[in-house]
Amino acid sequence: MTAQATVDARLLPCAVAAWAATLVGLYSGWRISALVTAAAVLGALVVALFATGSAVPCVRMRRGHSHTRNGVMRGVLAVLVVTAGFGGAVAIRMWFVEHHPLATAPAGTWVTAVVEPTDDPRVVRGSPFGGEPQVRIPVAIRHVTLGGESMTVGGRAVVFAPAHGWRHLLPGQRVTLRGRVSENVASGGTDPGTSVAVLRADGPPRATEAPSALAEWAGGVREDLAEVSARALGPSAAGLFPGLIVGDTSRLPDDVREDFRVSGLTHLTAVSGANVSILLGAVLLLVRFVGIGPRTGAFLAGVALVLFVVVVRPSPSVVRAAAMGAVALLALVVGRQRQALPALCAAIGILLLVWPELAVDVGFALSATATAGLVLVAPVWVALLQARGWPRAVAEVCAVSCAAYVVTAPILAAATGTVSVVAVVANVLVTPVLAPLTVLGSVVALCASAVPGVAEFLARGAAPMLWWLTTVADRAASLPSAELSLPDGIPGAAVIGGSALIGCVLLRHRRIRVVAGIALVSTLMVWVPVRLFAPGWPSNGWAFAACDVGQGDAVVLAVGDGRAVVVDAGPESAPVDRCLRRLHIDSVPVVIISHLHADHMGGVRGVLQGRRVGEVIVGPGAVSRDTVGDLADAAGEFGVRIRETTTGEVLRVGTVTIRILGPPAERSAESENDLSLVMVAETTVGRILLPGDAEAPALDALVRSGADLRADVLKVPHHGSRTTPEAFVAAVRPRVAVISAGRDNTFGHPHPEIVEALNSVGSRILRTDLHGDVAVVRAGSGALAVVSDSRGTIGP
């Protein structure tokens with residue numbers, strides 16, 4: 001019997017129909033969903049009449065044809081009934097959402113609400129202009145006081161609140177908050193779903209009840225595992241270990257997190273089906289060993305499954321895997337055949353009925369799709385590889401990794417606009433350590449609270465396996481072109497999905513496989529030497545690089561011998577750290593922060609961690625301002641001194657000389673932007689002007705001062721905002737203008753007027769939102785060449 005013959009796919013169309021009906025309701029609202037439900041009900045009635053023969057004349061058919069027709073009719077009828085049921089359910093949910101008191105309240109309305117977190121608070125990127133860190137918390141609403149009226153209501157919401165007082169709340173812990181209804185739900189970062197509002201708390205909770213004993217126990221398990229890991233392992237491994245075992249990535253270093261993302265290994269830190277399978281398998285083997293019957297064993301496994309979900313938190317992948325495991329346990333109890341696909345389809349239906357918002361959750365889609373790929377595709381590929389002489393173990397590892405990659409790549413492309421080229425190889429390389437690491441980690445988690453000494457000893461045994469995981473992720477992520485950029489949304493999914501489908505179809509033919517193999521080998525023979533042995537981006541002789549850090553600034557000036565001056569660090573640690581690693585910078589004599597906004601200093605830890613850093617320099621009077629706190633904390637954490645510079649100071653570092661042109665010492669600015677340091681650097685590619693986020697008042701004053709502003713390269717002020725006067729652009733007249741802006745940013749940067757002004761003086765414009773990391777090098781002819789990390793040399 002083949003792998004295909006053992007798959008029962010009868011529930012698959014119903015699961016797809018349930019998902020589609022739920023998506024329609026979440027995106028279109030209750031009215032459209034009600035219409036879909038009515039259409040499905042009408043269609044079901046027509047099919048039912050047709051199937052019973054009351055709507056058409058009786059026609060004699062051969063027995064086989066009649067049986068086939070009846071089977072098709074039953075399948076169509078089932079799909080229509082499921083569509084009607086799920087469409088009606090989501091229509092009722094969306095009607096409730098749209099008519100909820102918080103959903104109809106005007107933006108900015110003050111509200112007092114009693115809520116219960118449904119997940120751990122997550123730290124989110126703060127304001128680009130500084131301020132206290134914020135957390136995002138999904139909550140269940142229990143009671144609201146709105147406009148003087150007190151009411152007991154249900155529903156779900158998202159709360160954004162200061163980290164202080166909120167960061168350590170546990171799921172299910174009832175709290176009272178005072179805050180405002182957000183102006184725009186979409187601006188709060190929520191997807192289409194059943195949340196009735198986004199609330200922004202004005203401070204710590206007004207009242208906090210003690211968590212339940214179960215929630216406190218689960219929180220203690222997670223905290224004890226993290227503490228044991230911190231004592232027994234190095235920083236990277238200590239942050240990774242709890243993520244692999246209980247999904248706690250709060251201590252995972254940014255550079256490791258980014259390596260796992262680029263190398264396609266992020267799924268390892270999202271506890272899912274593998275962990276559930278190991279748990280249920282271990283419990284069932286144990287109860288069978290001690291002679292307990294299957295029904296009692298299934299009950300005990302179910303209890304263990306519930307406790308596991310409580311500890312790791314009900315993330316989409318966990319609840320999908322847990323529901324699938326519960327269905328399988330039920331099948332065991334009632335004696336039905338246990339097959340993965342029916343269990344998966346049943347799990348999807350149950351979860352979408354209880355939590356419709358999972359239909360738009362990328363993690364849930366990836367988890368469900370990957371599982372379907374492993375059930376439907378992987379066994380077929382394993383059989384094909386074995387038929388060609390592959391050992392079974394090797395065939396299974398390769399087929400599973402390839403199948404999961406192929407079916408999830410379109411979703412990742414649609415969600416992120418990127419696709420990892422190294423994911424399959426990276427997953428194959430780490431597969432041998434995953435099972436023993438998961439088993440050992442589960443034992444460590446169990447022992448962490450009761451016998452921490454034993455847990456710490458066992459955790460040290462996981463160190464070699466964790467080293468292997470981080471090494472594979474680091475090496476894979478550092479390879480040239482490890483990640484490709486694509487259009488996000490439907491176009492990106494269509495490109496990847498179409499390519500995969502065409503490839504699978506074509507490779508079914510032997511001659512095409514031979515031709516494709518020859519083409520692949522030829523390409524690799526050219527590509528590998530060029531990409532791995534030739535100088536990588538941005539090639540030798542670079543002097544200036546602007547890192548793509550999103551909506552922020554991070555500039556690197558090469559000073560020779562693997563050293564560089566870094567001006568600003570972007571909003572987060574991972575992007576600037578990745579850029580510096582690609583530039584092979586291991587020593588930074590000087591870090592200069594142009595001004596104290598988070599989009600310029602928030603990622604400074606990414607510069608400081610793992611490198612030799614001399615000092616951090618800030619503008620005049622910056623040390624005394626309140627907003628320097630996070631920067632000072634980061635510098636102190638790594639033992640790096642922080643000092644103020646003055647206008648007129650000259651810094652000589654290696655081959656680079658930097659002169660501080662502004663701000664004028666005697667001038668008081670109305671905004672932090674106009675306190676930006678304005679610097680000119682003399683480098684091997686000419687003069688480079690770095691004006692931070694200085695706006696019109698400061699730039700006009702600089703022009704009037706008579707300072708020599710001419711430059712070969714200009715880092716355009718304030719991400720290309722319209723606050724840059726044309727007189728300043730005319731005074732600089734740069735040959736190359738670099739604009740650091742985030743892709744699809746909400747500020748409209750860069751502004752068309754500034755782009756036009758730069759074009760009018762003949763500047764070649766480079767944008768990090770379009771070109772990624774960019775660099776300026778001296779070409780062989782002596783002219784300047786602009787180099788993009790993803791598109792090669794753009795031009796002189």
Report whether or not L596 is of a type in the set (A, V, I, L, M, F, W, C) and more than 22 Å from G662 (Cβ to Cβ). no
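Yes/no per residue for (1) part of a loop (DSSP other than H, G, I, E, B); (2) under 26 Å from P162 (Cα atoms); (3) among the charged types (D, E, K, R); (4) touching a helix residue (DSSP H, G or I) at 6+ places or on another chain (Cβ under 8 Å):
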{"site": "G243", "(1), (2), (3), (4)": "no, yes, no, yes"}
{"site": "R251", "(1), (2), (3), (4)": "yes, yes, yes, yes"}
{"site": "G264", "(1), (2), (3), (4)": "yes, no, no, yes"}
{"site": "H267", "(1), (2), (3), (4)": "no, no, no, yes"}
{"site": "L285", "(1), (2), (3), (4)": "no, no, no, no"}
Restricted to the range 66-117 and to residues being in contact (Cβ under 8 Å) with a residue 60 or more places away in the chain and polar (S, T, N, Q), the residue nearest to A34 (Cα to Cα) is T83
Out of the range 459-483, which residues are among the aliphatic types (A, V, I, L, M) and either part of a loop (DSSP other than H, G, I, E, B) or surrounded by fewer than 14 Cβ atoms within 10 Å (Cβ to Cβ) (or both)? A462, L479, A482
For the range 704-728, the count of residues that are in a helix (DSSP H, G or I) and closer than 26 Å to F747 by Cα equals 7
Among the residues of the range 146-163 satisfying the criterion of being among the β-branched types (V, I, T) and assigned to a strand (DSSP E or B), which is surrounded by the fewest Cβ atoms within 10 Å (Cβ to Cβ)? T152
State all residues of the range 343-354 that are out of contact with any Leu (no Cβ under 7 Å at 6 or more places or on another chain) and in contact (Cβ under 8 Å) with a residue 60 or more places away in the chain; if no residue qualifies, say none. L344, I348, G349, L353
Hey, can you tell me all the residues within the range 618-660 that are in a strand (DSSP E or B), surrounded by fewer than 20 Cβ atoms within 10 Å (Cβ to Cβ) and either of a type in the set (V, I, T) or in contact with a helix residue (DSSP H, G or I) (Cβ under 9 Å, 6 or more places away or on another chain) (or both)? R641, I642, R643, E644, V650, V653, T657
Across the range 190-207, what is the number of residues that are modelled with pLDDT of 85 or more, out of contact with any His (no Cβ under 8 Å at 6 or more places or on another chain) and assigned to a strand (DSSP E or B)? 4
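Let's see how each residue does on (1) surrounded by 17 or more Cβ atoms within 10 Å (Cβ to Cβ); (2) without any contact (Cβ under 8 Å) to a residue 40 or more places away in the chain; (3) touching a Pro at 6+ places or on another chain (Cβ under 7 Å); (4) not assigned by TED's automatic domain parsing to the domain that holds V777:
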position	(1), (2), (3), (4)
V556	yes, yes, no, no
G560	no, no, no, no
G570	yes, yes, no, no
C579	yes, no, no, no
I585	yes, yes, no, no
H595	yes, no, no, no
A598	yes, no, yes, no
V604	yes, yes, no, no
V616	yes, yes, no, no
For the range 119-157, give me each residue that is modelled with pLDDT of 85 or more and within 23 Å of V311 (Cα to Cα). P121, V135, R136, I137, P138, V139, A140, I141, R156, A157
Considering V419, V380, V424, which residue is touching a residue at least 60 places away in the same chain (Cβ under 8 Å), more than 30 Å from A140 (Cα to Cα) and not in a helix (DSSP H, G or I)? V419
Residue, surrounded by the most Cβ atoms within 10 Å (Cβ to Cβ), within the range 441-458, restricted to residues that are of a type in the set (G, A, S) and within 19 Å of L240 (Cβ to Cβ): A448
Qualifying positions in the range 218-239 - touching a residue at least 24 places away in the same chain (Cβ under 8 Å) and under 21 Å from L169 (Cα atoms): A218, G219, G220, V221, R222, D224, L225, A226, E227
Tell me whether the range 682-694 contains one or more residues that are within 34 Å of the chain's Cα centre (by Cα) and among the charged types (D, E, K, R). yes
Among the residues of the range 717-727, is there at least one that is farther than 16 Å from I754 by Cβ, in contact with a strand residue (DSSP E or B) (Cβ under 7 Å, 6 or more places away or on another chain) and in the same structural domain as G560 (by TED's automatic domain parsing)? no
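Conditions tested, residue by residue: (1) at pLDDT 70 or above; (2) over 32 Å from the mean Cα position of the chain (by Cα); (3) in a helix (DSSP H, G or I).
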site	(1), (2), (3)
G497	yes, no, yes
R531	no, no, yes
W537	no, no, no
V549	yes, no, no
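The values are calculated or read from the model by the stated rules, or taken from the named source; none is laboratory data. Bear in mind that the values here come from a model prediction, so they are computed numbers and not experimental data. Cβ atoms come from the backbone with ideal geometry, glycine included; neighbour counts cover every protein chain shown.
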